[in-house]
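A short worksheet on the structure shown next.
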Amino acid sequence: MEARQLFERVRTSWPNSIILKGDASSSEEDPIWSVVHCYDSLEPKFADDDWLVIGAWSFHQALSELARLNIQSGLEAVHPADVSFEAFDANMRENLADETWAEERSRYRH
């Protein structure tokens with residue numbers, strides 16, 4: 001799998017922006033939950049393709065880190081277009097290091 005192609009395919013599945021706000025009516029008051037809920041709604045559409053599964057998870061990890069930085073800076077939204085390929089790729093490589101992904105790891109091309 002070509003890494004940049006996977007990155008672009010996963011990135012375009014996300015909305016243009018995600019509002020970072022907590023839900024005061026629940027125990028999920030941390031604004032990062034907005035990103036988590038968005039990922040949860042996208043996850044089923046990736047379920048039939050292992051590359052999309054691990055790519056979506058890796059992108060979610062990179063987006064969550066960006067969201068945390070935005071929250072610390074007082075920003076109220078995060079934009080998936082701002083996720084760098086380098087952050088995605090680092091997460092992909094870390095996730096592919098797990099033995100359950102050995103076959104995919106051998107086919108992942110940066």
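The values are calculated or read from the model by the stated rules, or taken from the named source; none is laboratory data. As the structure is a computational prediction, the values presented were derived from the model and not from experiment. When we count neighbours, we look across all protein chains shown, and the Cβ atoms used for this are built from the backbone with ideal geometry, even at glycine. Side chains are part of the model used for accessible areas, which takes the heavy atoms of the whole protein and leaves out ligands, DNA and RNA. Shrake-Rupley method; radii C 1.70, N 1.55, O 1.52, S 1.80 Å.
Seen from a random direction on average, the alpha-carbon convex hull of the chain projects onto 7.2 square nanometres. For the peptides 56-62, 7-13, the ranking by mean Cβ contacts within 10 Å, running from highest to lowest, is 56-62, 7-13. Per residue, the chain reaches -18500 deg cm²/dmol at 222 nm when only DSSP H runs of four or more residues are counted, each adding -39500 (n - 2.57). Of the solvent-accessible surface of the chain, computed with a 1.4 Å probe over protein heavy atoms with every protein chain present, carbon and sulfur atoms account for 48 percent. Summing charges over neighbours of Ala81, with a neighbour being any other residue whose Cβ is under 12 Å away from its Cβ, gives -1 when K and R count +1 and D and E count -1.
Could you tell me the center-to-center distance, by alpha carbons, between the range 81-104 and the range 1-76 in angstrom? The distance from the Cα centre of the range 81-104 to that of the range 1-76 comes to 15 Å. For the chain, complete DSSP H runs whose alpha carbons reach 15 Å or more along their own long axis and whose mean Kyte-Doolittle score is -0.5 or higher are 33-46, 50-72.
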